[in-house]
Amino acid sequence: MTQAWVLGQRALREAWRTPEALLPTLFIPLFFLVVNVGQAARIFPSHSTAFLHGQGYGAFQLPSSLLLAASFGSAALFLVEDIEGGYFDKLRATPIPRTAIVLGRLIAESVKGVLLATALVLLGLVFGISVASGVLGFLLLVVLAALWAVVFSGFMLSIALKTRSAAATNSAGLIFFPLLFLTPNFVPRNLLTRPMEIAATLNPVTYVMEALRSLILEDLVWSKILYGFTVAAVLGLVMLALNVRLIRNYD
Amino acid sequence: MSYATNGKNAVQAEGLVKHYSSGKDVIEAVRGVDLRIEAGEVFGFLGPNGAGKSTTVRMLTTLLSITSGTAFVAGVDVARDPDEARRRMGVALQEAGLDPRQTGRELLVLQGRLFGLSPNEAATRAEELLALVELEDAADRRIKGYSGGMKRRLDLASALVHEPDVLFLDEPTTGLDPASRLTVWDELRRINGRGTTIFLTTQYLEEADQLCDRIAIIDDGLIVREGTPTQLKAELRERRSLASDPTLDDVFLDATGRTRVAGDVQEVSR
């Protein structure tokens, strides 16, 4: 674990020294939040829209922005740089567990995820969004968003390890958009058309989004929260195992 | 008892083979390499581009799987116990694998931590190595601002952080200006003087002649010559009945089936 932590610190230094890679991950989700609220807020007035639980439409949209921010991690592109520059081989030539190489990157992504989610939620508070589940809910919100950052970074790392190409890795990241839009992104699941409802039910992102949304709009609804955390934790472990396997078989 | 006093070679490979699949084709990059390198030697591994030098080094350093054959470094089987083998060897590959966003000191401390040193031990070791490769003044600058020679020296230092028994260097002076190359040579002599075995691949025959106790020439995945530079030159002089001693360039060209044409090197059919 020590080695994973020192590699995590190195990845955090890398991120800190490349602010130009970090800033869009805050700006783009905010942009989507503003645009989506601007386009749909009048359709869903808070006083007559039951699923908003008395809040504005921005509160309903905030989870989408949190997930979007969590899916913009740069770990995979930094890994491709390591591979192309030879530093990845330097790490492989050390006697550390292969898990540590992956975990180092994921630890850094989780820290960045916590910071980004905190910044987004605090900005949301400034614009009138409140976290109905209180301080504990706020912490769970931030941790779940960070956990999703780990899951999606794990997916992107696996693409980087498989393709060793920045272009392919960048393109693979776009898969998040269909995943994000096949969710109850604009309205709750029960208001979707039947085909969309089926697609959203099959999409694991739905359960993370619904957990995040419940924390913002409702009190602590443990059934939804546990679903979200379970989906993210299982996918996180799958991604970790996949990446370790890819590094072990890396030639 | 160390591997050397135990009668084991610093590097020993038998029947080392590497095949790659490329669609339906199988590429035989290395076709059966045998090596025996004694502790304390500087061993030069030469060959034309694509001959199998780097592939052999990558197999010996656990970075590439071995199709068949066995390889031991400092008495440790690199395929069966790669982590133990990694503790015994230092590796500096062709690309000078460094992280440009870190400082030289950060890179060395991190490397030390990955080899199990405590934070204080890693900091002390980094200081020693920065002095060894004369990079104290640039230690706290980011690596992206280093010159090619500085990067090579830092890469060399990072390969030495855990005081390895065997140091693998894949073309350590390629792309360096003559002054930087001489500096690296001096450092290699110093490192070898402390007892570290050095396995060196190089494109520069003068470098091999200056530094290496023994050399092997690989061509098309097979070792075609092996011996001390003096032995190899004497063998060529005798076989070709030459009037004067040939150079190591002549030995190389003879071994790889290439010949000089109007100052250039050209391949001949065999």
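The table below gives the values:
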| quantity | calculated |
| --- | --- |
| Given (1) part of a helix (DSSP H, G or I); (2) more than 10 Å from every other protein chain (Cβ to nearest Cβ); (3) touching a strand residue (DSSP E or B) at 6+ places or on another chain (Cβ under 8 Å); (4) of a type in the set (Asp, Glu), index of the condition B:Asp140 fails | (1) |
| Residue in the stretch B:214-236 that is closer than 23 Å to B:Leu132 by Cβ and in contact with a Lys or Arg (Cβ under 9 Å, 6 or more places away or on another chain) present | no |
| Residue count for the stretch A:52-87, restricted to those that are over 18 Å from A:Leu33 (Cα atoms) and either surrounded by fewer than 24 Cβ atoms within 10 Å (Cβ to Cβ) or within 14 Å of chain B (Cβ to nearest Cβ) (or both) | 15 |
| Test: residue in the stretch B:125-133 that is basic (Lys, Arg) and within 13 Å of chain A (Cβ to nearest Cβ) | no |
| Residue ranges of helices (runs of 4 or more DSSP H) in the stretch A:145-217 with at least 1 members within 17 Å of the chain's Cα centre (by Cα) and more than 30 Å from A:Ala40 (Cα to Cα) | A:166-173 |
| Selected residue (only one of B:Gly40, B:Gly69 is buried (at least 17 other Cβ atoms within 10 Å of the Cβ) and either modelled with pLDDT of 95 or more or in contact with a strand residue (DSSP E or B) (Cβ under 8 Å, 6 or more places away or on another chain) (or both)) | B:Gly69 |
| Output for the stretch B:147-185, where each listed residue is within 14 Å of the chain's Cα centre (by Cα), assigned to a loop (DSSP other than H, G, I, E, B) and buried (at least 20 other Cβ atoms within 10 Å of the Cβ) | B:Leu160, B:Pro164, B:Asp165, B:Glu171, B:Pro172, B:Thr173 |
| Of residues in the stretch A:175-211 being closer than 23 Å to A:Gly134 by Cα and touching a Lys or Arg at 6+ places or on another chain (Cβ under 9 Å), the one surrounded by the most Cβ atoms within 10 Å (Cβ to Cβ) | A:Ala211 |
| Residue that is of a type outside the set (Ser, Thr, Tyr), in contact with a Pro (Cβ under 9 Å, 6 or more places away or on another chain) and without any contact (Cβ under 8 Å) to a residue 60 or more places away in the chain, where the choices are A:Ala211, A:Ala168, A:Ala200 | A:Ala200 |
| Residue tally, condition within 12 Å of another protein chain (Cβ to nearest Cβ) and of a type in the set (Ser, Thr, Tyr), over the stretch A:2-51 | 2 |
| All helices (runs of 4 or more DSSP H) inside the stretch B:5-120 with 2 or more residues being under 30 Å from A:Arg17 (Cβ atoms), in contact with a helix residue (DSSP H, G or I) (Cβ under 7 Å, 6 or more places away or on another chain) and within 11 Å of chain A (Cβ to nearest Cβ) | B:104-114 |
| Set A:Leu226, A:Leu242: member being surrounded by fewer than 19 Cβ atoms within 10 Å (Cβ to Cβ) and within 21 Å of A:Gln61 (Cα to Cα) | A:Leu226 |
| Residues being in contact with a Ser or Thr (Cβ under 6 Å, 6 or more places away or on another chain) and farther than 22 Å from B:Asp250 by Cα - total across the stretch B:163-206 | 6 |
| Test: residue in the stretch A:176-187 that is of a type outside the set (A, V, I, L, M) and over 18 Å from A:Gln61 (Cα atoms) | no |
| Unique residue being more than 22 Å from A:Asp82 (Cα to Cα), out of contact with any His (no Cβ under 9 Å at 6 or more places or on another chain) and touching a residue at least 60 places away in the same chain (Cβ under 8 Å) when the list is B:Gly52, B:Gly69 | B:Gly52 |
| Condition met for B:Glu136 (closer than 25 Å to B:Glu41 by Cα and surrounded by fewer than 20 Cβ atoms within 10 Å (Cβ to Cβ)) | no |
| B:Leu200 vs. criteria part of a helix (DSSP H, G or I) and crowded, with 21+ Cβ neighbours inside 10 Å | no |
| Residues within the stretch A:88-131 that are in a loop (DSSP other than H, G, I, E, B), within 29 Å of A:Ala241 (Cβ to Cβ) and more than 14 Å from every other protein chain (Cβ to nearest Cβ), tallied | 0 |
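The values are calculated or read from the model by the stated rules, or taken from the named source; none is laboratory data. Predicted model only: the values in this text are computed from it and were never measured. In this analysis, Cβ positions are derived from the backbone assuming ideal geometry, glycine residues included, and neighbour counts consider all displayed protein chains.
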